[in-house]
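**Student:** My questions all concern the structure below.
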Amino acid sequence: MTRRLDATQSGIATAASILRAGGLVAFGTETVYGLGADASQPQAVARIFEAKNRPRFNPLISHFANAQAAFTQVVPNAMAHRLVQAFWPGPLTLILPRAPGASISDLAADGLASLAVRVPANATALALLEQAGRPIAAPSANRSGRISPVDAAHVLEELDGRIDAVLDSGPCTVGVESTVVDLTDPDTPTLLRPGGITLEELVAICPHISLPQTTSDAAPHSPGRMVSHYAPHLPVRLNALQARPDEALLAFGATRPTLAPLVWNLSSTGNLEEAAARLFTGLRTLDREGQTLGLRRIAVQPIPQHGLGRAIQDRLNRAAAPRPQDGTEDMAP
Ligand code: TXA
Ligand code: MG
């Protein structure tokens with residue numbers, strides 16, 4: 001049984017004690033729900049992979065209550081300080097060299113010399129991290145390869161019975177995962193994953209940030225970046241101007257007449273923040289209801305490629321990518 005804990009003082013205290021005892025607690029952040037475990041206990045981290053049914057160990061992001069706590073585990077450089085100043089707490093993950101004597105287990109870092117660190121902007125998550133008093137490893141709280149959860153009900157759809165508790169802090173406000181920036185080589189900061197902090201915002205602080213040319217370029221540096229991910233059961237057709245009668249439609253912008261029997265509009269006013277916040281719930285809803293109606297596919301209208309549009313398109317590309325065997329997210333790039 002998975003306990004549902006309210007975001008009250010006692011709920012947070014219970015969640016923190018489960019984490020300290022080596023248990024698994026899903027908790028809301030501003031991006032998506034994470035599946036948390038104490039990153040310094042290898043057995044606790046191993047349970048994350050087991051619960052998610054991940055085919056192999058991938059490096060995980062460690063979460064902290066503040067930058068000072070994060071910097072006990074990694075060695076920050078000047079750019080890290082500037083980005084942290086600008087964007088923490090918030091949807092930005094930094095990859096930095098692991099500090100000598102860091103308490104993070106090799107399993108959480110997948111044996112790499114670097115570590116992903118982040119301070120989320122969610123009051124309940126920060127209180128939990130503060131009380132846990134340890135680095136908390138947390139990938140998105142979904143079965144491997146599936147759609148990321150943005151509320152507690154989604155977490156239970158994915159992981160009920162496989163984790164100890166979910167701390168319910170309501171729906172996530174950003175709705176796509178954090179932006180991941182690799183700062184291990186201070187001369188070439190590199191964007192590994194577009195996310196909640198936009199490229200425009202990053203460039204304002206870090207003008208020389210480089211973008212990997214293709215997904216497969218990023219893959220060796222960021223081993224968790226599998227091609228197929230965020231996959232609904234129904235196949236996904238991108239850049240659809242119009243849907244067919246046997247398709248569900250994921251729309252963006254002003255509604256036009258459509259043949260689709262099922263429509264989820266990400267934002268009828270064309271607002272990318274609203275679209276990001278509604279993306280994963282939309283995919284999940286169209287997938288479930290589309291299957292019930294016997295539809296064959298999800299058609300997706302074009303998304304503008306600026307601001308959060310890049311992160312949205314990245315998730316949609318992965319949802320549309322050729323699938324590996326069910327239950328795995330591994331996909332040779
Ligand atoms: O918004 C988020 O980042 C959410 C919430 C829960 O915080 N977490 C999340 O974690 O998305 P996960 O495990 O799904 O994604 C971690 C990403 C992967 O793309 C992984 O490859 C990359 O970070 N990563 C982790 N450690 C790395 C490292 N040492 N070097 C390069 N990439 C790394
Ligand atoms: Mg994920």
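**Student:** In whole Hz, what ³J(HN,Hα) sequence does region 262-279 give by Karplus (6.51, -1.76, 1.60; θ = phi - 60°), x for Gly and Pro?
**Tutor:** Karplus-based 3J(HN,Hα) across region 262-279 equals 9, 9, 10, 8, 5, 6, 5, 8, x, 8, 6, 5, 4, 4, 4, 5, 9, 4 Hz.
**Student:** What number, in percent, do you get for the relative contact order of region 33-126 if the mean sequence gap of Cα pairs under 8 Å and at least 6 apart is divided by its residue count?
**Tutor:** With pairs under 8 Å counted, the relative contact order is 38 percent.
**Student:** Still on this structure, please answer the following. Output the antiparallel fraction of DSSP beta bridges having both residues in region 68-215, as a percent to the nearest 5.
**Tutor:** The antiparallel proportion sits near 60 percent.
**Student:** Say each of residue 85 and residue 50 gets a label point 7 Å from the Cα, pointing the same way as Cα to Cβ; how far apart are those two points in nm?
**Tutor:** Between residue 85 and residue 50, the simple spin-label model gives 4.5 nm.
**Student:** Once you place label points 7 Å from the Cα toward the Cβ at residue 10 and residue 203, how far apart are they in nm?
**Tutor:** 5.2 nm
**Student:** Just in region 1-98: which trypsin sites (Lys or Arg not before Pro) are loop by DSSP and have at most 14 other Cβ atoms within 10 Å?
**Tutor:** Taking region 1-98 and a limit of 14 other Cβ atoms within 10 Å, the loop trypsin sites (Lys or Arg not before Pro) found are 56.
**Student:** What is the antiparallel percent of DSSP beta bridges lying wholly in the chain, to the nearest 5?
**Tutor:** 40 percent
**Student:** Restricting to Cα pairs below 8 Å that are 6+ residues apart, what does the relative contact order work out to for region 1-78? Please round to a whole percent.
**Tutor:** 15 percent.
**Student:** Taking the Cα atoms only, what angle lies between the long axis of helix 309-320 and the longest principal axis of the chain, rounded to 10 degrees?
**Tutor:** Result, in degrees: 70.
**Student:** Quick one: helix 42-52 against the long Cα principal axis of the chain, what's the angle to the nearest 10°, folded into 0 to 90?
**Tutor:** On a 0 to 90 degree scale, this one is about 10.
**Student:** Rounded to the nearest 500, what is the 222 nm mean residue ellipticity of the chain from helices alone, with -39500 (n - 2.57) per DSSP H run of 4+ residues and division by all residues?
**Tutor:** -9000 deg cm²/dmol
**Student:** So if each residue of separation counts as 0.36 nm, and I subtract the Cα-Cα distance between residue 66 and residue 291, what length gain in nm does that give?
**Tutor:** In short, 76.7 nm is gained.
**Student:** Percent relative contact order of the chain, based on C-alpha pairs within less than 8 angstrom and at least six residues apart?
**Tutor:** 20 percent
**Student:** Whose amide H sits under 5 Å from the amide H of residue 193, counting only residues 5 or more places off or on another chain, with H placed in the peptide plane?
**Tutor:** Those lying under 5 Å, H to H, from residue 193 are 180.
**Student:** Equivalent ellipsoid semi-axes for the chain, as square roots of 5 times the alpha carbon gyration tensor eigenvalues: give them largest first, rounded to whole Å.
**Tutor:** After diagonalising the Cα gyration tensor, the semi-axes are 31, 23, 18 Å.
Read-outs: derived from the displayed coordinates by stated rules, not from any lab. Computed from a predicted structure; not experimentally measured. When we count neighbours, we look across all protein chains shown, and the Cβ atoms used for this are built from the backbone with ideal geometry, even at glycine.
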